[in-house]
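Below: one structure, written as structure tokens.
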Amino acid sequence: MSKVITLKAFFEEARAGRLTGIRCGRCGELAIPPKEFCPACHERAWEPVPLVGHGAIASFTVIRIPPRGRAADSPYAVALVRLDEGVSLLGRIVDIPLDALKVGLPVRFRPLLQQDQTVVGFGPA
Amino acid sequence: MRRVAVIGVGVTKFGKHERTCAELFAEAAADAIQDAGVSPRTIQAIYFGNVVGGEGERQLHMGPQAGSVLGLPAVPTTRFETACATSHSAFRHAVMEVGAGISDVVLVGGAERVLNLPTDVATEYFAFASDAVFEQSTGITFPGVFALIARAHMTKHGTTEEQMAHVAVKNHRHGALNPKAQFQKEITIEDVLASAKVADPLKLYDCCPFTDGAAALVVAAVDVARKSRNPIWVLSSAAASDSMCLHDKKDLSRALATERAAQAAYRQAGRGPEDVDVVELHDCFTIAEIVATEGLGFFEPGTGGIAAEKGWTSLGGKLPVNPSGGLKAKGHPIGATGAAQIAEIVTQLRGEADPRQVDGARVGLAHTLGGNAATVLVSLFGSE
Ligand SMILES: [Zn+2]
């Protein structure tokens, strides 16, 4: 039996500061939901696992030509963060000076609220 | 599967247009049909590509609209969308329809129009091809996605901003030889390095432009092709996908879908990278060309930047890449790009690409990448 973590559930938890991964009951693959089959072994036996929300920047960019509606934020940084458990998440960087960003910099998950939407953010570890 | 050939090509001028996508496609399609030397009534299906028309022109159902403007309202049409790989996906399906014997002649291509939109709106629409919930929400843009890829490649392999600049300089040099190109002026390494930052480490001249334009191809079965003036044979056409979200990709410095599609295309064609004489590949950003030349098997992983720096991918080099000017200088009307790349390969293999002709080119490869490198098409072509 598989416990499906929906996007809605993932972001409701994230809003409360908790990140949720899913681990395959057959091969142990860890992934970010939502997924039905395990991409590694094609079993359908996910179990939710909490992620501590600590990781390091794997790559980052500073957006200087933003899409519509984000001019007031610009420039802002977005990073792909590799979490300690081994999965990655893309997030907006907050409270870290742009010139302090570097690959390998430790960061900690922080939920950001945009209107009603929860957005993945990362701040100082 | 029957043998299949491209027997006609048509490409509009790339740049800014006042006409609709359907009008632009119709011009390219009529040119392609006349180039093929067939009657319009031989067209049995139209495979049409477009990406942002729903937002940009408030127009869905563009397939029959394009057929109507072309003057072929009764021909069945289908619209394709795989982000920037759109019309190459349409091409692969046309090849399958003709190869399977369902139709003898299929018209395929695409059109895009975005220069009627403000830059921030076009930037927003292009970002629609990344995951809405996990990625667009962070404010990531398309240059931002490739900036993440660039930094990953720089971190892992030591690729430099100067090496990326060499790709831009080379493609502008090629584009200056292409009257259809959006930019027909040469630039210098210094121009690239001094250009405005878009998404660090990518600067303005690392990025392809927003472009309006259309391209079309006539795809025909062997019996029709043999009667045409200069058919170019489809040796293979392969597609591959990879995880949609960047967070699911195993290695940001590689394009796994490019590697998978290339392996399938080489296997189907019974050829390898060493057999390829000319390449049109997806240089939406300079780093994308470097990663693609590695994924297609032309250079070892991590050495694509060195290849660009040494001029190996320049006209006159050991493997000319993007003689058309590429997306960088020719322009990138996203729904038309795949068909336009194939049109260039056909023109090269016909020996009709003067003054940017790759001498003696007999085998060509087209590579088109969609979205966050989640869709890739690779096709191989031969003059015999
Ligand atoms: Zn598994």
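Residues in the stretch B:312-333 include at least one that is over 19 Å from B:ALA176 (Cβ atoms), surrounded by fewer than 21 Cβ atoms within 10 Å (Cβ to Cβ) and either within 20 Å of the chain's Cα centre (by Cα) or in the same structural domain as B:GLY99 (by TED's automatic domain parsing) (or both). Can you confirm whether A:LEU89 is within 8 Å of another protein chain (Cβ to nearest Cβ), in contact (Cβ under 8 Å) with a residue 40 or more places away in the chain and surrounded by 14 or more Cβ atoms within 10 Å (Cβ to Cβ)? Considered against the rule, which asks whether it is within 8 Å of another protein chain (Cβ to nearest Cβ), in contact (Cβ under 8 Å) with a residue 40 or more places away in the chain and surrounded by 14 or more Cβ atoms within 10 Å (Cβ to Cβ), A:LEU89 comes out as yes.
Considering B:ALA255, B:ALA220, B:ALA265, the condition of being crowded, with 24+ Cβ neighbours inside 10 Å, under 26 Å from B:PHE48 (Cβ atoms) and outside the structural domain of B:HIS88 (by TED's automatic domain parsing) is satisfied by B:ALA265 alone. Scoring B:GLU124 on the criteria (1) more than 20 Å from the chain's Cα centre (by Cα); (2) in a helix (DSSP H, G or I); (3) in the same structural domain as B:ALA340 (by TED's automatic domain parsing) leaves a single failure, condition (3).
Residues in the stretch A:1-22 that are within 16 Å of the ligand (Cβ to nearest atom) and either within 15 Å of the chain's Cα centre (by Cα) or buried (at least 18 other Cβ atoms within 10 Å of the Cβ) (or both): A:ILE5, A:GLY21, A:ILE22.
Highlighted here are the helices (runs of 4 or more DSSP H) found entirely within the stretch B:141-201 that include at least 1 residues which are within 9 Å of another protein chain (Cβ to nearest Cβ): B:142-157. Say we look at the stretch B:214-249 and pick out the residues that are β-branched (Val, Ile, Thr) and either outside any helix (DSSP H, G or I) or over 23 Å from B:GLY49 (Cβ atoms) (or both); which of these is farthest from the other protein chains (Cβ to nearest Cβ)? Per the stated criteria, the residue is B:VAL222. From the list B:THR286, B:THR337, B:THR303, B:THR313, which residue is farther than 27 Å from B:THR12 by Cβ, away from chain A (no Cβ under 14 Å) and not aliphatic (A, V, I, L, M)? None of the others qualify; the one that does is B:THR303. Summed over the stretch B:122-140, residues that are free of Cβ contacts under 8 Å to residues at least 12 places away in the same chain and either within 8 Å of chain A (Cβ to nearest Cβ) or touching a Ser or Thr at 6+ places or on another chain (Cβ under 7 Å) (or both) total 6. Screening B:GLN136 on (1) polar (S, T, N, Q); (2) crowded, with 23+ Cβ neighbours inside 10 Å; (3) at pLDDT 95 or above shows it passes everything except condition (2). Among the conditions (1) assigned by TED's automatic domain parsing to the domain that holds B:GLU18; (2) in contact with a Gly (Cβ under 8 Å, 6 or more places away or on another chain), the only one that B:VAL105 does not satisfy is (2). Residue count for the stretch A:34-61 satisfying the condition of being within 14 Å of the ligand (Cβ to nearest atom) and touching a helix residue (DSSP H, G or I) at 6+ places or on another chain (Cβ under 6 Å): 0. In the set (1) within 16 Å of the ligand (Cβ to nearest atom); (2) under 21 Å from A:ARG108 (Cβ atoms), A:GLY28 fails one condition alone, (2). Out of the residues in the stretch A:28-49 that are without any contact (Cβ under 8 Å) to a residue 24 or more places away in the chain and small (Gly, Ala, Ser), which is surrounded by the fewest Cβ atoms within 10 Å (Cβ to Cβ)? Result: A:GLY28. When A:ARG68 is tested against (1) at the interface with chain B (Cβ under 8 Å from one of its Cβ atoms); (2) within 20 Å of the chain's Cα centre (by Cα); (3) charged (D, E, K, R), just one condition goes unmet, and that condition is (2). Set side by side, the residues B:ARG260, B:ARG271 differ, and just one is surrounded by fewer than 24 Cβ atoms within 10 Å (Cβ to Cβ) and either at pLDDT below 95 or more than 26 Å from B:THR159 (Cα to Cα) (or both), which is B:ARG271. The number of residues in the stretch B:236-249 that are out of contact with any Lys or Arg (no Cβ under 6 Å at 6 or more places or on another chain), surrounded by fewer than 22 Cβ atoms within 10 Å (Cβ to Cβ) and not acidic (Asp, Glu) comes to 5. Scan the stretch A:99-118 and tell me whether some residue there is polar (S, T, N, Q) and over 18 Å from the mean Cα position of the chain (by Cα). Yes. So, B:ASP283, is that one surrounded by fewer than 24 Cβ atoms within 10 Å (Cβ to Cβ) and assigned by TED's automatic domain parsing to the domain that holds B:LEU204 or not? Criteria not met by B:ASP283.
The values are calculated or read from the model by the stated rules, or taken from the named source; none is laboratory data. As the structure is a computational prediction, the values presented were derived from the model and not from experiment. Reconstructed Cβ throughout: ideal geometry from the backbone, glycine too, with neighbour counts over all protein chains shown.
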